[in-house]
Amino acid sequence: MAALGSGIFLVIAPGIIAVYVPWRICRWRIGAPLLGISLLRIAGILLLIPASFVLLDCFARFALQGLGTPAPVFPTKHLVVSGFYRYVRNPMYVAVVTLILGQGLLCGSASVLEYGLAVWAGFHLFVLMYEEPSLRGKYGSEYLEFCANVPRWIPRLRPWQSARNPK
């Protein structure tokens, strides 16, 4: 059920935010490269590929390890602190924003890039005002240790090794 719930949430939330809305903004038409720099298109592609993998990996971890979904209404039973979560606390949000920015660079769309910045600001406020307080309340010292060792947005260079979860 967790896998099914995560799959449905993947289509609904990131699917709309990172795929449908950017498509509505630029229709994925390839315009002139931003600032006239063609290499920015390649940078866009190089962002899209790993961000897609990170997003799918995180959704799978929520279902298989956390035994829940990323949706706040069906949360995980266990705090997920493995995989990309060993590098950054919010890899799903980072992946979604990276997907949006990659599309903006690939299509040469400043509007998609602006949308990506607005999405990041929304994620940041959601994390600060709802998600982190909720996770502190649910997971207590385990979450506090995680926060003390793993940055919110900029990934660590080396993976964090939790004493509770040495993988």
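Could you list, in sequence order, the residues of segment 6-42 that are part of a helix (DSSP H, G or I) and either open to solvent by 80 Å² or more (accessible area, probe 1.4 Å) or without any contact (Cβ under 8 Å) to a residue 24 or more places away in the chain (or both)?
Of everything in segment 6-42, those that are part of a helix (DSSP H, G or I) and either open to solvent by 80 Å² or more (accessible area, probe 1.4 Å) or without any contact (Cβ under 8 Å) to a residue 24 or more places away in the chain (or both) turn out to be 8, 11, 12, 15, 16, 20, 23, 24, 35, 36, 39, 42.
What pairs can you find where one residue is in segment 105-129 and under 18 Å from residue 71 (Cα atoms), the other is basic (Lys, Arg), and their Cβ atoms are less than 7 Å apart, with a gap of 6+ or different chains?
127/152
Applying the selection to segment 108-167, what residues are in a loop (DSSP other than H, G, I, E, B) and among the hydrophobic types (A, V, I, L, M, F, W, C)?
Those that are in a loop (DSSP other than H, G, I, E, B) and among the hydrophobic types (A, V, I, L, M, F, W, C): 150, 153, 154, 157, 160, 163.
State whether one or more residues within segment 58-80 are under 25 Å from residue 121 (Cβ atoms), at pLDDT 95 or above and buried (at least 20 other Cβ atoms within 10 Å of the Cβ).
So far as segment 58-80 goes, no, none of its residues is under 25 Å from residue 121 (Cβ atoms), at pLDDT 95 or above and buried (at least 20 other Cβ atoms within 10 Å of the Cβ).
Does segment 57-69 include one or more residues that are touching a helix residue (DSSP H, G or I) at 6+ places or on another chain (Cβ under 6 Å), under 22 Å from residue 26 (Cβ atoms) and among the aliphatic types (A, V, I, L, M)?
No, segment 57-69 contains no residue that is touching a helix residue (DSSP H, G or I) at 6+ places or on another chain (Cβ under 6 Å), under 22 Å from residue 26 (Cβ atoms) and among the aliphatic types (A, V, I, L, M).
Across segment 91-135, what is the total count of residues that are open to solvent by 10 Å² or more (accessible area, probe 1.4 Å), touching a helix residue (DSSP H, G or I) at 6+ places or on another chain (Cβ under 6 Å) and closer than 19 Å to residue 146 by Cβ?
4
Here is a yes/no grid of residues against (1) at pLDDT below 95; (2) farther than 16 Å from residue 90 by Cβ:
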{"residue": "127", "(1), (2)": "no, no"}
{"residue": "134", "(1), (2)": "yes, no"}
{"residue": "157", "(1), (2)": "no, yes"}
{"residue": "162", "(1), (2)": "yes, yes"}
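Return the residues of segment 69-91 that are in a loop (DSSP other than H, G, I, E, B) and either aliphatic (A, V, I, L, M) or at positive phi (or both); say none if nothing qualifies.
Those that are in a loop (DSSP other than H, G, I, E, B) and either aliphatic (A, V, I, L, M) or at positive phi (or both): 71, 73, 79, 80, 81, 88.
Being touching a Pro at 6+ places or on another chain (Cβ under 7 Å) and modelled with pLDDT of 90 or more is the filter; apply it to segment 2-57 and report the residue that is nearest to residue 123 (Cα to Cα).
That would be 55.
The values are calculated or read from the model by the stated rules, or taken from the named source; none is laboratory data. Values in this document were obtained by computation on a predicted structure and should not be read as measured data. Neighbour counts run over all protein chains shown; Cβ positions are idealised from the backbone, glycine included. SASA here: full protein model, heavy atoms, side chains in, ligands and nucleic acids out. Shrake-Rupley method; radii C 1.70, N 1.55, O 1.52, S 1.80 Å.
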